[in-house]
Amino acid sequence: MKLNFEVDGDEFILAGEASSQVKKILKQLGVSSEIIRRIAIAMYEAEINMVIHANGGKIEVEITPKKVYIVLKDTGPGIPDIDLAMQEGYSTASEEVRELGFGAGMGLPNMKKYSDDLKITSEVGKGTTVEITVYI
């Protein structure tokens, strides 16, 4: 099963809609609640990062009997130093974003923690692609 979503970069209130829809579909497919929780957390973190840092983007989700594979692509500013960005607490979020309760610097570490495989490719000025795999 393949799903596609557009993430609006201007609407914090809509952030998480795609991960919520995927969560609902996985429940209907009978996937274990622990696996669903891991996928929902990793995908939500990536989705909210698209809103905070990249003015939205596109998400493709492929669900197979063995895994859930999620690709999130944006055309935002890119990540200059992925290793630094992976450190817990590191954030480039604006003060306004932090006042909304986001930008604590746990997004990328949480994606890594809750996925079985995480690949991040980024080019400054061109955007970022995040690939998340969780085995069922």
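Descriptive notes on the structure:
- Residue order, fewest to most surrounding Cβ atoms within 10 angstrom, among Asp74, Asp8, Asp117: Asp117, Asp8, Asp74
- Of the residues Lys112, Lys24, the one with the fewest other Cβ atoms within 10 Å heads the list, and the complete ranking is Lys24, Lys112.
- Here the residues Met50, Met43, Met1, ranked from fewest to most Cβ neighbours within 10 Å of their Cβ, fall in the order Met1, Met50, Met43.
- Once C-alpha pairs closer than 8 Å and six or more residues apart are averaged by separation and normalised to the residue number of the range 2-135, the relative contact order reads 28 percent.
- Semi-axis lengths, Å, the chain, gyration tensor of Cα atoms, sqrt of 5 times eigenvalues: 24, 15, 14
- Here the 3J(HN,Hα) profile of the range 59-69, calculated from phi with Karplus coefficients 6.51, -1.76 and 1.60 at θ = phi - 60°, is 10, 10, 10, 10, 10, 10, x, 9, 7, 10, 10 Hz, Gly and Pro shown as x.
- Whole-Hz Karplus values for the range 116-122 come out as 8, 8, 10, 10, 10, 10, 8 Hz, taken residue by residue from phi with 6.51 cos²θ - 1.76 cosθ + 1.60 and θ = phi - 60°; glycine and proline positions read x.
- Ile25/Val71 FRET efficiency (R0 25 Å; Cβ-Cβ; nearest 0.05): 0.90
- Nonlocal amide H pairs with Asp116, under 5 Å, H built at 1.01 Å: Thr133, Val134, Tyr135
- In range of the label at Glu11: residues from the range 55-89 whose backbone nitrogen is under 15 Å from the point 7 Å along Cα→Cβ: 55-59
- √(5λ) per eigenvalue of the Cα gyration tensor, the range 1-67, largest first, Å: 22, 12, 9
Here, each number is a calculation from the coordinates, and none is a lab measurement. As the structure is a computational prediction, the values presented were derived from the model and not from experiment. All Cβ positions, even for glycine, are placed from backbone atoms using ideal geometry, and neighbour counts span all protein chains on display.
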